[in-house]
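To keep things clear, I will list the structure first and then write my remarks on it.
The values are calculated or read from the model by the stated rules, or taken from the named source; none is laboratory data. The shown structure was predicted, so the numbers you read here are calculated from the model rather than taken from an experiment. Cβ placement follows ideal geometry from the backbone for every residue including glycine, while neighbour counts extend to all protein chains displayed.
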Amino acid sequence: MFERYLQDGSVKKVSIDKELAKSLIKIATFRMEKAKKEKPTDENAFFIVENAYEAVKELIDAIMTLDGYKSYSHEACIDFLKQFYAKEIAMAMIFRIDRYRKLRNDIKYRGILPSLNEGKGAIIDMGEAFVVLRSLINRKMGKQHV
């Protein structure tokens, strides 16, 4: 499943880069904090969904960097989690991340605005995924806090 992304160039093998991972974590943390600070409304639900999802995506990119991969595909990141981290991350959580990936694509490429409830849900669902992914990164890096 994941190998197809390596074959088509959507994912490349790279050198492990802890400094890049740390930078991605900082950016992801900023995005998630920004999303959580917003009071969800019909007008800003798209902003919340995008930032909450992108924060999680950047943590996945950090994990991939720590494993020696660089992804050019959001879908490849989801399949990466399914193939390599299904024991550490519940499949239901991976499916929720994928749901927000699709919702973010609808916003970005189809101009579809999410509902207020989807904005609220993004804060909860992606907030939970953020915590799980940060914990995984901390274990991979051998630290309590990165």
Residues of the stretch 1-26 being free of Cβ contacts under 8 Å to residues at least 60 places away in the same chain and surrounded by 16 or more Cβ atoms within 10 Å (Cβ to Cβ), which ones?
Leu20, Leu24
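So that you can scan it fast, the table gives a plain yes or no per residue for (1) part of a loop (DSSP other than H, G, I, E, B); (2) under 17 Å from the mean Cα position of the chain (by Cα); (3) modelled with pLDDT of 95 or more:
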{"site": "Met1", "(1), (2), (3)": "yes, no, no"}
{"site": "Ser15", "(1), (2), (3)": "yes, no, yes"}
{"site": "Lys22", "(1), (2), (3)": "no, yes, yes"}
{"site": "Ile48", "(1), (2), (3)": "no, yes, yes"}
{"site": "Ala62", "(1), (2), (3)": "no, yes, yes"}
{"site": "Phe80", "(1), (2), (3)": "no, yes, yes"}
{"site": "Gln83", "(1), (2), (3)": "no, yes, yes"}
Is it the case that some residue within the stretch 115-137 is touching an Asp or Glu at 6+ places or on another chain (Cβ under 9 Å), in a loop (DSSP other than H, G, I, E, B) and not small (Gly, Ala, Ser)?
no
Meets criteria (exposed (fewer than 13 other Cβ atoms within 10 Å of the Cβ), in a helix (DSSP H, G or I) and modelled with pLDDT of 95 or more) for Ala55:
no
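Just to be sure before I move on: is Lys102 under 19 Å from Ile63 (Cα atoms), in a helix (DSSP H, G or I) and either at pLDDT 95 or above or basic (Lys, Arg) (or both) in the structure I sent?
Here the answer is no, as Lys102 does not meet what is asked.
Here is a yes/no grid of residues against (1) free of Cβ contacts under 8 Å to residues at least 40 places away in the same chain; (2) under 22 Å from Ile25 (Cα atoms); (3) surrounded by 15 or more Cβ atoms within 10 Å (Cβ to Cβ); (4) among the aliphatic types (A, V, I, L, M):
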| site | (1), (2), (3), (4) |
| --- | --- |
| Ile78 | yes, yes, yes, yes |
| Tyr85 | no, yes, yes, no |
| Lys102 | yes, no, no, no |
| Ile107 | no, no, yes, yes |
| Glu118 | no, no, yes, no |
| Phe130 | no, yes, yes, no |
